[in-house]
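The values are calculated or read from the model by the stated rules, or taken from the named source; none is laboratory data. Note that the structure is a prediction, hence the values are computed from the model and not measured. Glycine gets a Cβ as well: all are built from the backbone with ideal geometry, and neighbour counts include every protein chain shown.
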Amino acid sequence: MNRFLFAAIFCAAISLIHLIFGGKDVVEPLLGSNMATTPLLTLYVVWHITTLLLIASSVVYFLASKERRSSPALHQGHWQFCAQLISYFYLALSVLFLLVAYLHGGGALYVELPQWLLFIPLVALGLGGSKASVRTGTVVDG
């Protein structure tokens, strides 16, 4: 099994964690708050956007895992390139969570905002799956 497939499975697991625990720990208190309607619904939509991004990322990692050297020349490495970009996106999210935790809690919030702990292994799997250079147009089989 290649690293992109592991990344797809891990990202799908993160999606489930987000749906189960995010719904309980974030969405329920948010919807039960006295916050004004516009910011409340905006944050609720952002939570759903996150859900869609996690699920879409799982699909991209899966498609990257299936990409082989036998793919048409025009499309060689397309999904793996997308998977690599997504991995950098999750790296940026990890840094963002760590930065917010540091700036608003002096680091005491690292445990309260543990999303970075899930994204870092995903980054390692996603970028580790991109062993071949996208610039050379080679495609990784594992």
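Tabulated data for the structure shown
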item	result
From the options V27, V59, residue that is among the β-branched types (V, I, T) and at pLDDT below 95	V27
Flag if A56 is in a helix (DSSP H, G or I), of a type in the set (A, V, I, L, M, F, W, C) and buried (at least 16 other Cβ atoms within 10 Å of the Cβ)	no
Qualifying residue in segment 79-86 (condition: part of a helix (DSSP H, G or I), touching a residue at least 24 places away in the same chain (Cβ under 8 Å), more than 17 Å from G129 (Cα to Cα) and among the β-branched types (V, I, T))	no
Filter result (surrounded by fewer than 13 Cβ atoms within 10 Å (Cβ to Cβ), of a type in the set (A, V, I, L, M, F, W, C) and part of a helix (DSSP H, G or I)) within segment 96-113	L99, L103
Residue in segment 25-45 that is in contact (Cβ under 8 Å) with a residue 12 or more places away in the chain, touching a Gly at 6+ places or on another chain (Cβ under 7 Å) and surrounded by 11 or more Cβ atoms within 10 Å (Cβ to Cβ) present	no
